[in-house]
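Scroll down for the structure; my scribbles are underneath it.
The values are calculated or read from the model by the stated rules, or taken from the named source; none is laboratory data. The structure displayed is predicted, hence computed values, not measured ones. Ideal geometry is used to build each Cβ from the backbone, glycine not excepted, and the neighbour counts take in all protein chains shown. Surface accessibility is based on the protein's heavy atoms, side chains included, excluding ligands, DNA and RNA. Shrake-Rupley method; radii C 1.70, N 1.55, O 1.52, S 1.80 Å.
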Amino acid sequence: MTTLSDPPKEQFRLSMLLYDTRYRSGTIQVIALIGFMLLAAWLINNTAQNLAELGKPIDFGFFGEPASYDINQRLLEYDSRDTHLRAALIGLLNTLVVAVLGCATATLLGVVIGVLRLSHNWIVARLMTVYVEMFRNVPVLLWIVFIMAILIETLPAPRAFRGETPEASMLLGDSVALTNRGFYIPEPLFSRGLGDIHLFGEASLRFDVSGNLILLLAVLIGGVWVSNIIKRRADRIQESTGVRPTTWYLRLGVILVPLAIVLAVLGFHFGYPALKGFNFQGGTHLRNSLIALWLALSLYTAAFIAEIVRAGIMAISKGQTEAASALGLRSNRVMSLVILPQALRIIVPPLISQYLNLTKNSSLAIAVGYMDITGTLGGITMNQTGRELECVLLLMLVYLAISLSISAVMNWYNESVKLRER
């Protein structure tokens, strides 16, 4: 029911889309989006027509053809008779390995170096400054090639480990061999197991995952979950009583004890490398190309992360440090409990960019012969099949998916550590 005091309702007119400020901005955005989509459709259609006239229509059937090339470093079974799709999958896994290892190592080094740059010890602070300036001002490609050359030229050949009085000796009780062909380290093995689980039926996409690995991951995740429950309970007790119970041994026990029991039941042991013939056999072989790429990307990116960490720490008021010291906390406890937790909200956003840069810089792997996704799909596969557009487009989509995944995970972490007012 309306009254005489209610104003009349204005009827919608098409002219309001342009002349009414309530609708104008939305109208312009819709028109711009439609124009962009039409332009993209025209470009795609024009490209497809030109390729068809050249006798090269867009076709992804080449993925089913034999790759006919080898991949030296791989996580899954592969030989030259496998398809290009299988080769691309192996290259993608190699890219992910370098990205994960590089991000973890660069973060650890970057945090340590960033903190040491603020040390009151003049020598330590200047040494860290030299490290940062040296690594971040030289292109990462040169560091990759330089470290590769050091590994090849300085480490002994496998034949140096032969004989009663060898020129070189293995490390850690004859379990690790550092050679100019790569690093040979112990391989985790199981005398009893659950077998392999086949995730895909097709040969080109066959992906066998060890049942033992899945069981260990499940036990580890369960232990971490229980450990977090214990932590939250300790937090509640501390908030209500002011006294925090000692729980570190409980949290450590719920993670390590079940894991140790499962390892014992599965018959966990190590397979050690041994010199047989002209090379080492057994164990896990980490080739020099992987080591050089991993170290170069880690050391290079750590220099930038160190500056991010230093800036985040310096952004925290000195009064926080003084207040923590007045409570009797030691310097290391002040840094870990007071300064770094507050600095994370400043450190994490630019840290995401460094993770993305490291992942994209891994495409330089072909310089030292490491076959990542760029070397397989964007290199040999593209050259053999002549499908430049398809390979480059898929390569762009792969890096886009990896980058968006890293960004999503880090943004979630950034949201979880954000300071919230009560």
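In nm, to one decimal, how far is the modelled label at residue 171 from the one at residue 279, with both set 7 Å along Cα→Cβ?
Once both label points are built, they end up 2.1 nm from each other.
Given the DSSP H assignment, sum -39500 (n - 2.57) over each helix run of at least 4 residues in the chain and divide by its residue total; what's the result at 222 nm in deg cm²/dmol, nearest 500? Write down the numbers at each step before the final one.
Details: 13 runs with 245 residues, N = 422.
Computed mean residue ellipticity for the chain: -20000 deg cm²/dmol.
Calculate the FRET efficiency for residue 180 and residue 134 from the Cβ-Cβ distance with a Förster distance of 30 Å, rounded to the nearest 0.05. Provide the component values of the computation, followed by the final result.
Numbers: r = 25 Å, r/R0 = 0.84.
It comes to 0.75.
With r defined as the distance between the Cβ atoms of residue 407 and residue 162 and R0 fixed at 41 Å, what FRET efficiency is calculated, to the nearest 0.05?
Values: r = 50 Å, r/R0 = 1.22.
Given R0 = 41 Å and the Cβ-Cβ separation, E is 0.25.
Could you work out the local net charge near residue 299, counting Lys and Arg as +1, Asp and Glu as -1, over the other residues with Cβ closer than 15 Å to its Cβ? Before the final figure, lay out the partial values.
Details: positive: 136; negative: 133, 307.
Charge balance in the 15 Å sphere: -1.
At what distance in angstrom do the alpha carbon centres of the stretch 263-339 and the stretch 25-67 lie from each other?
44 Å
Taking a probe of 1.4 angstrom, what is the accessible area of residue 77 in Å², to the nearest 10?
130 Å²
Only sites in a loop by DSSP and with at most 16 other Cβ atoms within 10 Å count here; which trypsin sites (Lys or Arg not before Pro) in the stretch 78-159 make the cut? Show your work: numbers first, answer last.
On the way: sites: 81, 86, 117, 126, 136, 159; in loops: 81, 117.
Sparse-neighbourhood loop trypsin sites (Lys or Arg not before Pro): 81.
Heavy atoms only, probe 1.4 Å: what % of the accessible area of the chain goes to carbon and sulfur, would you let me know?
65 percent
Net charge within 15 Å of residue 275 by Cβ-Cβ distance, Lys/Arg positive one each and Asp/Glu negative one each, not counting residue 275 itself?
Details: positive: 159, 162, 181, 276; negative: 164, 167, 174.
After counting each charged neighbour, the total is +1.
For residue 127 and residue 315, calculate 0.36 nm times their separation in residues minus their Cα-Cα distance, and state this gained length in nm to one decimal. Each step should come with its number before you reach the end.
Values: separation 188, 0.36 × 188 = 67.68 nm, distance 2.25 nm.
So the chain would gain 65.4 nm between residue 127 and residue 315.
For the stretch 176-310, report the convex hull volume of the alpha-carbon atoms normalised per residue, in Å³, without decimals. Working shown, then result.
On the way: hull volume 29.8 nm³, N = 135.
Looking at the stretch 176-310, the number lands at 221 Å³ per residue.
Let me know the Rg and Dmax you get for the stretch 115-258 when you use only its Cα atoms, in Å.
Using the Cα atoms of the stretch 115-258, the pair Rg, Dmax is 24.7, 68 Å.
By the scheme Lys and Arg +1, Asp and Glu -1, what is the net charge of all other residues having a beta-carbon under 14 Å from that of residue 71? Walk me through the numbers before you get to the answer.
On the way: positive: 74, 81, 86, 287; negative: 70, 77, 79, 82, 372.
Charge balance near residue 71 sits at -1.
With all protein chains present, calculate the accessible area of residue 410 using a 1.4 Å probe and round the result to the nearest 10 Å².
Using a 1.4 Å probe on the heavy atoms, I get roughly 30 Å².
Per residue, how large is the accessible surface of the stretch 268-422? Use a 1.4 angstrom probe and give square angstrom. Could you put the intermediate results ahead of the total?
Numbers: 8040 Å² over 155 residues.
Accessible area per residue: 52 Å².
Placing +1 on the Cβ of each Lys and Arg and -1 on the Cβ of each Asp and Glu in the stretch 181-318, which of 313, 285, 185 has its Cα farthest towards the positive end of the resulting dipole?
The residue sitting most towards the positive pole is 313.
Could you calculate the contour length gain from residue 112 to residue 59, that is, 0.36 nm times the residue separation minus the distance between their Cα atoms, to one decimal place in nm?
Values: separation 53, 0.36 × 53 = 19.08 nm, distance 4.96 nm.
Here the answer is 14.1 nm.
For the stretch 313-392, what does the alpha-carbon gyration tensor say about shape, rounded, prolate or oblate, given a ≥ b ≥ c as the root eigenvalues, a/c under 1.5 as rounded, and a/b over b/c as prolate? All intermediate terms of the calculation are to be shown ahead of the outcome.
On the way: a/c = 7.09, a/b = 4.12, b/c = 1.72.
In terms of gyration-tensor shape, prolate.
Quick one: what Rg and Dmax do you get for the chain from the alpha carbons, in Å?
28.5, 110
If r is the Cβ-Cβ distance from residue 15 to residue 235 and R0 is 51 Å, what FRET efficiency results, to the nearest 0.05? Show your work: numbers first, answer last.
On the way: r = 60 Å, r/R0 = 1.17.
So the FRET efficiency works out to roughly 0.30.
Can you give me the accessible area per residue for the stretch 1-122, using a 1.4 Å probe, in Å²? Could you put the intermediate results ahead of the total?
On the way: 8640 Å² over 122 residues.
So the stretch 1-122 comes to 71 Å² accessible per residue, rounded to a whole number.
Using DSSP to call loops (not H, G, I, E or B), can you name the trypsin sites (Lys or Arg not before Pro) in the stretch 224-258 whose Cβ has at most 12 other Cβ atoms within 10 angstrom?
Details: sites: 231, 232, 233, 236, 251; in loops: none.
Sparse-neighbourhood loop trypsin sites (Lys or Arg not before Pro): none present.
Loop by DSSP (not H, G, I, E, B), at most 11 other beta-carbon atoms within 10 Å: where is the longest site-free stretch of the chain for chymotrypsin sites (Phe, Trp or Tyr not before Pro)?
Numbers: sites that count: 12, 200, 278.
Answer from the scan: 13-199.
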